[in-house]
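Each reported figure results from applying straightforward, stated rules to the coordinates on display, with no laboratory input. What you see is a predicted model, and the numbers here were worked out from it, not measured in a lab. Cβ placement follows ideal geometry from the backbone for every residue including glycine, while neighbour counts extend to all protein chains displayed.
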Amino acid sequence: MPTFTINELMEILVVKTGLPRSAVTADPGATLGDVDLDSLAQLQVRAEIEDRYGIALEDEHAHATFGELVALVNEGLSERAR
């Protein structure tokens, strides 16, 4: 079963939201706000995760940490694999 990693999340942020490579972090406690991305970036990330992995993220996850987002996607992938 494929797993989603924080590195994959960072790549989505770089490619889809224009996050500078210098702002990429492996800190699971960081948020989009911590790397100076706005609500539009949140929508872009949600859309890309849904398109790429078939996992829908709810509005309540808008302020989730990167670690929480990775866990949510992996939980969704695990449920889909059953």
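So how strong a dipole does the range 6-81 carry about its Cα centre when Lys and Arg Cβ are +1 and Asp and Glu Cβ are -1, to the nearest 20 debye?
On the way: 5 positive and 15 negative charges, 57 e Å.
So the dipole magnitude of the range 6-81 works out to roughly 280 debye.
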Could you tell me how far the Cα centroid of the range 1-25 sits from the Cα centroid of the range 50-82, in Å?
14
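Quick one: Kirkwood hydrodynamic radius for the chain, alpha-carbon pairs, angstrom, one decimal? Let's see the in-between values first.
Numbers: mean 1/r = 0.0791 Å⁻¹.
One decimal place: 12.6 Å for the Kirkwood radius.
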Would you mind computing, in nm to one decimal, how far apart the modelled labels at Asp36 and Ser22 are, each placed 7 Å from Cα along Cα→Cβ?
0.9
